[in-house]
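Okay, so here's the structure we're looking at.
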Amino acid sequence: MTKPLIIVESPAKARTIAGYLGKDYEVTSSVGHVRDLPRNASEIPAKFKEQAWAKDWGIDVDGEFEPLYIVPKEKRDTVKNLKAMLNDASELYLATDEDREGEAIAWHLIQILKPKIPVRRMVFHEITPDAIQNAIANPREIDADLVDAQEARRILDRLVGYGLSPVLWRKVKPKLSAGRVQSIAVRVIVERERERMAFVAAGYWDLNATFTTGSDERFEATLIEVDGDRLASGKDFGDDGRLKTESAKVLGEDEAAAIAGDLEDASMTVLSVERKPYTRKPYPPFRTSTIQQEASRKFRFGARRTMSAAQRLYENGYITYMRTDSTSLSEVALTTSRAQIEDLFGSEYLSPSPRLYSNKVKNAQEAHEAIRPSGDVWKTPEEITEELNDDDQVKVYELIWKRTLASQMADAKGESVQVRVAGDTRSGRSTQFAASGRILHFPGFLKVYVAGTDDPDSDKDDQEKRLPAVEEADPVSISDLEAKGHETKAPARLTEASLVRRLEELGVGRPSTYASIISTIQDRGYTWKKGTALVPTFMAFATITLLEVHYSNLVDYAFTARMEDELDKIARGEEERVPWLSKFFHGNGMPGLKDMVSADKLDEIDAKEINSIKIGEDEAGVLIVARAGRYGPYVSRGEDTASIPEDLPPDELTVEKAIELLNMPSGDKILGSDPTTGLTVLARHGRFGSYVQLGEVEEGSKDKPKTASLFKTMSVDELSLDVALRLLTLPRVVGVHPETGQEILAQTGRYGPYIKMDKETRSLENEELIFTTTLEDALVLLTEPKRRRGQTAQPPLKELGKDPVSDGDVVVKDGRFGLYVTDGVVNASFRKADTVDNITIDKAAELLQARRDRLADQGKWPPKKKK
């Protein structure tokens, strides 16, 4: 008995839909595209092999720009199986995604399967029983404009890629690639690094005062004005590190210290108090680019990782389609979200009426909803956690659920306060200090969702800062003054989140492609990651310089954005594809791609010139440049060259660093023999810096010799055998944690020295601590909250004495979840009545013992040691 056949893209999606429809339908998948342009000459069909356009482009550039589609070798079995299943089908439903790619896959399936039964196009943006039944009941035709738009983009990308890549192979490095959007992304990253290289740090000082009110309350304020002159702060300096305005006075160290001395015992008065109510509205629901940005900020997820988790959530019926430019919600979604808000938080947390969000994305195209939980009953994150054994999916779902609910909740309301304090110094100079505060009266949507930020120093939306109740003309006294020096910071490197935002601002590419573009530029060696920051390689500099000088249109932001506009016109049927492609390729009165990549044009390109990044001059006036070589980047000074460590960011390659690299001795240094193994200990210079090695690589052996990087404070010239042997012992086992039974290791990594226990890591202040940190030191470090690199450990708030049970030193600390006491092994949170001032060693010992008793009840105390 024949039955309808439904074809989707992925096996996971097929399984979910088959589970909803039962035995009445056959559901299978195409596993993505089944046809594409040939990847190499071997894939070109025999009858086209003699055609130059087929070999060079895979597109008939001499005719109507018809693409030459082939079934890749790895897809032949899939197509064979689909044809066999079609023979037993009563009708065919093409249920691929409702976007350009999905529409193109559906069209290609028709072209290759040539079905003789009724064909229907079914579309849906969530995989639920109701949505699938509705899609079957309301099929439509293939959207020819969408197919044309996808095909035009595919052809354009092939022309740009196949046109420019051979240029890069000959002038920069073999096997490089260029792309319409890819190259723009690389240019954005390179331009930011150029800004960092041109940046000149500037110093300025300010004066922080602690004032005490008549009721003995304290608050901090910063000096903002002296003798009527406004003082410069960080925001007055530009991206180049220089002062942007002449209206701000830069305070120096000596003057700041003098003012501080002159203000001792000064009479100060509250000049003004300005209170303003503020309202914070919720953020719109997620679209593709914003979920990538937020997951990057909150979880440090890459774009591909985020989209992979979202894809699995969609295919298993938990969220709506994740590739969308829309921020709108359906009537069903609005009703569901508002009902859940009222149920979970109460009616006061609902917005007075449903909130409607309009698209602000340039050329927003797909007609989907925003990304939201699927169905008309939304599962909570707790319910999802029980169902899914996948931490990434749980995190992404919770993000989507919270953001969707928040979008329909009430505004957050609060009050901001600005206080100005004025007074004269002993020498008669007038000064003015400013303090700002913020109080949240009603959290509204912030009860559910607070957005992340790209600036780690900025305040979050739900962060409060309370000031004492002061009024104009109130006297205040100075209880503390501190002059602080600051240095302007270079513009921050782009992260995946900020790169996505920048590409979207430029109107380049499509949100659905950003994840693959970011992965491609890393896979091809144009960028690498330092933490979450994207760092361009020297090869990226050479590539972008070549494109800017000789193919400026193709990496011009405005030109590329106009191309996106024109491609969208093709999608809407407002412009014809063939004339547009012909103009781009042949020129028709202006330079076209064909002429731009011709052999004559290639001869004009000076490979050495475009591949020279000026670093500066040495003391003798000799120019030093960096270049991307076939075997890695290097610096050059006249005839002298030296390799650049591949993990050295371009902005850190100063003249001084370049000279250091050039002056490094070449070859290996034999330090002696290891007394235990008898193997030779060598000091070597590698692509990633200097290191020591135990023994040589034995011919025919797959085992690699043990190596260890030198500390930053070490040099090969001064390295001894003892120190080298010590380095080769790393990582060092510090000891076993008495509570978890897990080993604690001390070692060094890309970002410096640290200790590690399972997945927990804590930075060490310097590399020597790797060898001297004790188990007790490590236990104390692990009790502290994790901090960003460069952030120093916070000292204890109070030292209480010895614990009578463990004999450990008991201190008070402020952790991620509030105040607590610790003896270095056990942590115990404060009770509500406890404060730093009233806590005693007796109370602390009581808290610690209660914590031990709870651990014992759970079978976790005393801790079991690992064998």
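The values are calculated or read from the model by the stated rules, or taken from the named source; none is laboratory data. This is a predicted model, so every value here is computed, not measured. As a convention, Cβ positions derive from the backbone with ideal geometry for all residues, glycine included, and neighbour counts pool all protein chains shown. These area figures cover heavy atoms from the full protein model, side chains too; ligands, DNA and RNA do not enter into them. Shrake-Rupley method; radii C 1.70, N 1.55, O 1.52, S 1.80 Å.
Do we have any residue at all in region 3-17 that's part of a loop (DSSP other than H, G, I, E, B), in contact with an Asp or Glu (Cβ under 7 Å, 6 or more places away or on another chain) and crowded, with 17+ Cβ neighbours inside 10 Å? Yes, because at least one residue in region 3-17 is part of a loop (DSSP other than H, G, I, E, B), in contact with an Asp or Glu (Cβ under 7 Å, 6 or more places away or on another chain) and crowded, with 17+ Cβ neighbours inside 10 Å.
Take the conditions more than 39 Å from the chain's Cα centre (by Cα), assigned to a loop (DSSP other than H, G, I, E, B) and modelled with pLDDT under 95 and apply them to residue 31. Does it pass? No, not satisfied. Just one of the listed residues (458, 479, 416) is at pLDDT below 90 and open to solvent by 20 Å² or more (accessible area, probe 1.4 Å), and it is 458. Figure legend. Inter-residue proximity from region 136-148: first residues touching a residue at least 60 places away in the same chain (Cβ under 8 Å), second residues among the basic types (Lys, Arg), beta-carbon distance below 8 Å, spacing 6+ or different chains. Indicated pairs: 145/572; 146/100; 148/577.
Looking at 778, 844, just one residue is touching a His at 6+ places or on another chain (Cβ under 9 Å), farther than 26 Å from residue 532 by Cα and either open to solvent by 80 Å² or more (accessible area, probe 1.4 Å) or modelled with pLDDT of 85 or more (or both), and that residue is 778. In region 419-434 there is at least one residue that is in a strand (DSSP E or B) and either in contact with a Cys (Cβ under 8 Å, 6 or more places away or on another chain) or hydroxyl-bearing (Ser, Thr, Tyr) (or both). Of the residues that sit in region 686-710 and are farther than 14 Å from residue 721 by Cα, open to solvent by less than 60 Å² (accessible area, probe 1.4 Å) and in a strand (DSSP E or B), which one is modelled with the lowest pLDDT? The extreme case among them is 686. Comparison of 683, 658 shows that the only residue that is modelled with pLDDT of 90 or more, more than 22 Å from residue 548 (Cα to Cα) and open to solvent by less than 50 Å² (accessible area, probe 1.4 Å) is 658. Scan region 90-101 and give yes if some residue there is at negative phi, of a type in the set (Ser, Thr, Tyr), within 37 Å of the chain's Cα centre (by Cα) and not in a helix (DSSP H, G or I), otherwise no. Yes, because at least one residue in region 90-101 is at negative phi, of a type in the set (Ser, Thr, Tyr), within 37 Å of the chain's Cα centre (by Cα) and not in a helix (DSSP H, G or I).
Candidates are the residues of region 787-816 that are outside any loop (DSSP other than H, G, I, E, B) and either under 17 Å from residue 763 (Cα atoms) or open to solvent by 90 Å² or more (accessible area, probe 1.4 Å) (or both); the one that is modelled with the lowest pLDDT is 815.
Here residue 522 clears all of (1) open to solvent by 10 Å² or more (accessible area, probe 1.4 Å); (2) within 30 Å of residue 645 (Cα to Cα); (3) outside any helix (DSSP H, G or I) except the condition numbered (3). When region 482-513 is filtered for residues that are in a strand (DSSP E or B) and either touching a Leu at 6+ places or on another chain (Cβ under 6 Å) or hydroxyl-bearing (Ser, Thr, Tyr) (or both), the ones remaining, listed by number, are 483, 495. Within region 238-245, is there a residue that is outside any helix (DSSP H, G or I), touching a strand residue (DSSP E or B) at 6+ places or on another chain (Cβ under 9 Å), modelled with pLDDT under 90 and among the aliphatic types (A, V, I, L, M)? Within region 238-245 (the criterion being outside any helix (DSSP H, G or I), touching a strand residue (DSSP E or B) at 6+ places or on another chain (Cβ under 9 Å), modelled with pLDDT under 90 and among the aliphatic types (A, V, I, L, M)), the answer is yes, since at least one residue qualifies. Could you run through region 184-212 and say how many residues are of a type outside the set (Val, Ile, Thr) and closer than 14 Å to residue 502 by Cα? Total satisfying the criteria: 4.
Cβ-Cβ distances below 7 Å connect no pair with a first residue in region 387-399 that is over 21 Å from residue 287 (Cβ atoms), a second residue that is surrounded by fewer than 16 Cβ atoms within 10 Å (Cβ to Cβ) and modelled with pLDDT of 95 or more, and a separation of six or more residues or different chains. When you check residue 626 against the structure, is it closer than 19 Å to residue 189 by Cβ and open to solvent by less than 20 Å² (accessible area, probe 1.4 Å), yes or no? Yes; evaluated as a whole, the condition is true for this residue.
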